[in-house]
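Step one of this worksheet: look at the structure below.
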């Protein structure tokens, strides 16, 4: 886990922003140009390009030039890091909640515990 901690930090920071999440959602449907991705947002293109740059830097998307147009594509493999970490966390927490459920529903092994102690 520690070996990819800084990578995960960047990935989670990337998806923490609503603009970047919207871009990733759109790219889930297929490649798109920067212009197509920027159209729904009320921001200057240089500001939008910072979001694209961050997504590219973290490896969540890839861009390529096609003539005068820059095309963005989602990098599905990068999401496997997030999925792997979430799976680890899910396993840990399922184990903890299973133990808590077992503790809460099992009969008390010490029958003296139910008896009132004299005052």
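No value in this document is a laboratory result; all are computed from the given coordinates. Predicted, not measured: the structure shown is a model, and the values here were computed from it. Every residue, glycine as well, gets a Cβ built from its backbone with ideal geometry; the counts of neighbours run over all protein chains shown.
Structure data summary
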| quantity | calculated |
| --- | --- |
| Theoretical FRET efficiency, 1/(1+(r/R0)^6), r = Cβ-Cβ of residue 104 and residue 79, R0 35 Å, to 0.05 | 0.45 |
| Spin-label pair residue 21/residue 93, simplified geometry with 7 Å Cα→Cβ offset, distance in nm | 1.5 |
| Sorted by Cβ density within 10 Å, fewest first, the residues 83, 17, 42 | 42, 83, 17 |
| Euclidean distance of C-alpha centroids, segment 22-47 and segment 72-94, integer Å | 23 |
